[in-house]
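Heads up, the thing below is written out as structure tokens.
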Amino acid sequence: MSEERIMDLKRRVYSAAKDEGARVGMERTMEAFEESTLHIDEYVMEMARYVRDLKAELRNRMLDLAMEAAEAMERNGMDVVIAHTRKEALDAVIDVVGTGKVIVKSKSMISEEIGLREYLEGMGNEVWETDLGEFLLQLSRGRPSHFVVVSMHVPREGALEVLRRKLGYRGPPDVPRMVAAVRDFLREKMLSAQVGITGANAVAAREGALVQVENESNVKLTGSLPPINVVVTSIDKVVPTLLDAIKIAIVESYMLGGTPPTFIDVVSGPSGTRDIEHRLVRPAQGAKEVHVVLLDNGRSSAAGSLLGETLRCIKCGACQLACPVLTTVGPSWGSGAYMGGIGVLWTAITKGFEEAGPLSYLCAGCGICEEYCPMDIKISDLVWEIKRMASAKLEEELGVADS
Amino acid sequence: MLDRRTLAQFLIENSRRTGNPLGVPSEKLSEWAHGLDIDIHMNSRTVLYTGLLYQLVPYIKGLESLMSRFEESRVYSLASSMGSRLQSRIAGFSADRKLKDRVTKILMNAYKLLDASGYEPAYYGRLEPYSGALFYDLGMLEAFKEHANKVLEFLEENGVELVITLDPHTTIALKVLYPRFVGKTPEVRHLLELAIDDVVSGRGGRVVVHDPCLLARSLHLHGRLRRILRAAGYEILEPRRSRERTFCCGGPLESLFPKLSSEIACRRLSQLSKLSETAVAACPICLANLTRDCGPKVSVLDWLELVEVKA
């Protein structure tokens, strides 16, 4: 690994640490998170342990389970592609989308992982993020700082500035008015879009169903208003049953906000009706076609590796909101999609050790992430392993012998 | 800005030359014990092993101001071209005087607490090797193992049966990391694990606790820390993040990302300052990193500055 890459990272995090606004945003978010997650009901913790054990057990048959899910989803009338690489995933999406379309899109880390928005734009499409945080990042050309609270580094003052500059917002600096303006803007886009791209929090193999958890209702609308719905998700999210998938949705919601989800959406096929003479007609009110991309991109080969337990991660982001380093430097400690300590691990899985190595040096090894992780992933220890690999070559060059 | 390679080279060369990564002459690191009659327990099977970490704090602080100037510079050094210049510029750094006096008191207090509780440990002064903890934090496992082997040899040569440690980093190294990566260690106890409850006293007052990460999350000694502080007459205040959910001071990032570690320290100081003007920590890395002036009105003391042997 070149020293230049570490120096680049150092420049990025130093300049990020100087951003007062970002710091204020993250400090406020962190404080709210700490309060809301002080006491999590034992019944939720029990569910978390169930999910942890289940996902640990599934790790080595991830691909088989993905195939099972794909078959079930096909039976339900959805088109499914299992994409082994980033390129295969992008190809699968562009096959459906083509060019010259208006596309609305909800937040998804998998789409960040493959750089989907930028790719679709490059292919001549107009793409709009419908999650408020992600929309703010799109307008300000920012990167996410968290799996869920993607714009935690954008305080209300920053949001106001972006909306004024990019959306021509002329209203007062109060948050509800700002949110309403975004709602009006995006509603129009949702109604005119030909394609809606969504993600999934979990996938049920038996039922062939996608489960999405959200608060804004933008996922629902993005997935059902445009005639075509493309769902981009990954093979590590497949679990045996719909009940398992819903448990994951519940756990995710509680871990981050301390509250149950506002919405859990289940998608197991295109919209349709049999109300007239019991003959299936598609669509009814929702999307006519549902296309699903299940991405591997390093996951199945990581299953048996040192990093295998990372695949238990449900991306709730509790570890990230607790992290003193990430909440100081924000998105600069990341590889685009994946940030913080857990992000180092996901980066290693999806982009390789070369990319993850420099990032590992930003972990202070304090272990708070492990304290918060509902899946009991030894995040700190695993990041140290990546650091060790990154340092091994350096030690060799400096003549420290392997004893 | 300092690059990883130059830093690693600096630490390794110093270690080879002096036994510790900052290159401080070993006699300076045992000066604290000059006022003690330590020779009397030299045959003891129990040893006080400081791991040199507390003693290095004043030097870390001394280096800090030099390093921060280096961090400001636009050029960065690749080891081949500028490494040796850095080496010579750094060679002249000196200890932070005030902190040196504080550390002397901390170590003296530790020794006296042990003595008063009947442990009679041997202390080997400048023969004491460095634990390697810093190399572990940097992922430099081979350098860490070299140090670990020296420590294990030292313990074996002296027939040590019980090792008493004073800080969480050294304790974790010996208790957990040596057995994992190198070999078996004799029994290891942190000072807070020992029965010192009956001999402690203090000035009293209200203090907010900053739990060191490893002390709370890995050693689970946060309860003991509170107990001893209470036994010494202090009233304990809890910050927003405490016990197992404590907020890291940022210290472990000091070597490679010094500016970041100071930003994190200032965030923690601000959290602590909301409860009291006096905070108590129990780790030399926290002590080094939280001793800084960045706004919040709170001074951080080590528990061994607040707790002493009952008169």
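The numbers here are math on the coordinates, done by the rules we state, and not lab data. Note that the structure is predicted; figures quoted are calculated from it, not measured. Please note: Cβ atoms are built from the backbone with ideal geometry, for glycine as well, and neighbour counts cover all protein chains shown.
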Q. Rg and Dmax of the stretch B:4-193, Cα atoms, in Å?
A. 17.2, 55
Q. Residues with beta-carbon under 10 Å from that of A:Arg388, excluding A:Arg388: net charge, scoring Lys, Arg +1 and Asp, Glu -1?
A. -2
Q) Calculated from DSSP H runs of 4 or more alone, at -39500 (n - 2.57) each and per residue, what is the 222 nm mean residue ellipticity of the protein assembly as shown, nearest 500? A) -14500 deg cm²/dmol
Q: Please provide three numbers in whole Å: the alpha-carbon extents of the protein assembly as shown along the principal axes, with the largest listed first.
A: 100, 51, 49
Q: Mind checking which of A:Val102, A:Leu225, A:Val182 is farthest towards the positive end of the stretch A:81-236's charge dipole, using Cβ charges of +1 (Lys, Arg) and -1 (Asp, Glu) about the Cα centre?
A: A:Val182
Q: Tell me the Kirkwood hydrodynamic radius of the stretch A:35-87 in angstroms, computed as one over the mean inverse distance between distinct C-alpha pairs.
A: 14.0 Å
Q. Once you mark the trypsin sites (Lys or Arg not before Pro) that are in a DSSP loop and have at most 12 other Cβ atoms within 10 Å, what is the longest gap between them in chain A?
A. A:280-403
**Q.** Kirkwood Rh (inverse of mean 1/r, distinct Cα pairs), the stretch B:197-309, angstrom
**A.** 13.9 Å
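What order do you get for A:Ser140, A:Ser106 when you list them from fewest to most C-beta neighbours inside 10 Å? Provide the component values of the computation, followed by the final result.
Numbers: A:Ser140 17, A:Ser106 23.
The most exposed by this proxy come first: A:Ser140, A:Ser106.
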Q: State which entries of B:Lys105/B:Lys297; A:Lys10/A:Lys393; B:Lys98/B:Lys259; A:Lys10/B:Lys105 exceed 31 angstrom in Cα-Cα distance in the structure shown.
A: A:Lys10/B:Lys105
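Loop-only check: which GluC sites (Glu not before Pro) in the stretch A:218-304 are DSSP coil with at most 11 other Cβ within 10 angstrom?
When the GluC sites (Glu not before Pro) of the stretch A:218-304 are filtered for loop state and at most 11 Cβ neighbours within 10 Å, A:Glu277 remain.
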Q: Measure off 7 Å from each Cα along the Cα-to-Cβ vector at A:Glu71 and B:Thr18, then give the distance between these two points in nanometres to one decimal.
A: 6.8 nm
**Q.** Against the rule of thumb 2.2 N^0.38 Å, how large the Cα Rg of the stretch A:240-356 comes out
**A.** 1.42
Q. What translational diffusion coefficient, in µm²/s and rounded to a whole number, does the Stokes-Einstein relation yield for the stretch A:170-272 at 20 °C and a viscosity of 1.002 mPa s, taking the hydrodynamic radius as the Kirkwood radius over Cα pairs?
A. 143 µm²/s
(Q) What whole-number volume per residue, in cubic angstrom, does the convex hull of the C-alpha atoms of chain A give? (A) 147 Å³
Q | Debye, to nearest 20: dipole size of the stretch B:4-193, +1 on Lys, Arg Cβ, -1 on Asp, Glu Cβ | A | 840 debye
Q.
Place a point 7 Å from the Cα of B:Glu244 along the Cα-to-Cβ direction; which residues of the stretch A:11-52 have their backbone N under 19 Å from it?
A. A:34-52
Q. Which number do you get for Rg(Cα) / (2.2 N^0.38 Å) in the stretch A:1-91?
A. 1.78
**Q.** Square roots of 5 times each gyration tensor eigenvalue, C-alpha, the stretch B:222-267, largest first, Å
**A.** 28, 11, 9
Q.
If you restrict to DSSP beta bridges whose two residues both lie in the protein assembly as shown, what percentage is antiparallel, to the nearest 5?
A. 20 percent
Q) So what's the stretch B:260-304 giving for Rg/Rh, alpha carbon basis, Kirkwood Rh from the mean inverse pair distance? A) 0.92
Q) Can you give the relative contact order of the stretch B:197-309 as a percent, counting alpha carbon pairs under 8 Å and 6+ residues apart? A) 32 percent
Q | Distance (nanometres) between label positions extended 7 Å along Cα→Cβ at B:Leu162 and B:Arg45 | A | 1.0 nm
Q: Rounded to whole Å and ordered largest first, report the semi-axes of the equivalent ellipsoid of the stretch A:108-239 derived from its Cα gyration tensor (root of 5λ).
A: 26, 16, 15
